[in-house]
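Reviewing the structure listed below.
What follows is calculated from the coordinates using simple rules that are stated; it is not laboratory data. Predicted model, so just to flag it, every value in this text is computed and none were measured. Backbone-built Cβ (ideal geometry, glycine too); neighbour counts: all protein chains shown.
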Amino acid sequence: MQKVHRHPGIVRLSHWLVACSGILLLFSGFGQMPMYKRYNIIKIPGLSWSGDFEITLLIHYLAAVVFTAAIAFHLVYHFRRKEFGIVPRKGDLRESVQGFLAMAGLASEPQHEKFQAKQRVIYAIIGSASLLLVITGLVKSYKNLGAIVLDPMLLQLIAFTHTIVGVLFMMLFIAHVAALLLKSHRPLIPSMFSGKVDSDYARQHHPNWHIDEKHKR
């Protein structure tokens, strides 16, 4: 079956770095609350270390470095290449609603380019949450180093925001994975590893992008 190239290797690598470091951030972040001793997570084979604050803090910092670097690379890479296909545009909300209705058989599917309107909207939400996590996390880390002194109320607000956005990020992450398991989206899963998607799928679900790719060959 003919394939269409969708994601280059460097884009797939940055995606997986964000995903894997994000999972580590969530796991280590919840471990600092603490939760894992209280709910006996430490009794699960191989996770006895999860109740150690110093270990989870170190993992959190290391994962945060990878997470921040991968996001920074993603932004710079696509900006320099002027690749803005995933950036939300006017009419995306309306088209997203139409797309969700189409999944239920209540409307016709919009003519998509490389990314669907709902993908662009979700990207903006996840991206905003990620940047907010990075900013609040950097402030908290900088403060922990004793480099700055913050008003206790402001620090509490930053910590609260970091936690709430972390929970939101987790929910969005789960929703993102769940969406890929839908029958209409499953053909996209191989592209996250190989970078390619079936030509028939591209023609059916992303007709405008597929035409562009054919002209580029």
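Quick look at the values:
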read-out	value
Dipole axis of the chain (+1 Lys, Arg; -1 Asp, Glu on Cβ), positive-most option in Val66, Thr163, Val134	Val66
Under the Debye formula (equal points on every Cα, no solvent term), log10 I(q)/I(0) of the range 106-217 at q = 0.10, 0.19, 0.23 Å⁻¹	-0.48, -1.01, -1.28
Relative contact order (percent, whole number), the range 92-217, Cα cutoff 8 Å, 6+ residue spacing	28 percent
About the Cα centre, charge dipole magnitude for the range 92-217 (Lys/Arg +1, Asp/Glu -1 at Cβ), debye	240 debye
The range 87-132 - charge dipole about Cα centre, Lys and Arg +1 at Cβ, Asp and Glu -1, debye rounded to 20	120 debye
Value in Å of the Kirkwood radius, where the range 66-155 supplies the Cα pairs that are averaged	15.9 Å
Loop-resident sites, the range 11-63, for trypsin sites (Lys or Arg not before Pro), counting at most 11 other Cβ within 10 Å (DSSP)	Arg38
Cα centroid separation - the range 18-64 against the range 88-152, whole Å	25 Å
Rg(Cα)/(2.2 N^0.38 Å) for the chain, N = residue count	1.19
In the range 19-125, the chymotrypsin sites (Phe, Trp or Tyr not before Pro) that fall in loop regions by DSSP, at most 14 other Cβ within 10 Å	Tyr39, Phe84
Helix-only CD estimate at 222 nm, as mean residue ellipticity for the chain, using -39500 (n - 2.57) per DSSP H run (n ≥ 4)	-22000 deg cm²/dmol
Globularity index of the range 7-83, i.e. its alpha-carbon radius of gyration over 2.2 N^0.38 Å	1.37
Kyte-Doolittle at least -0.5, axis length at least 24 Å by Cα - qualifying DSSP helices, the chain	9-31, 53-80, 117-144, 152-180
Calculated FRET value between Ser48 and Asn144, using beta carbons and R₀ = 22 Å, to 0.05	0.30
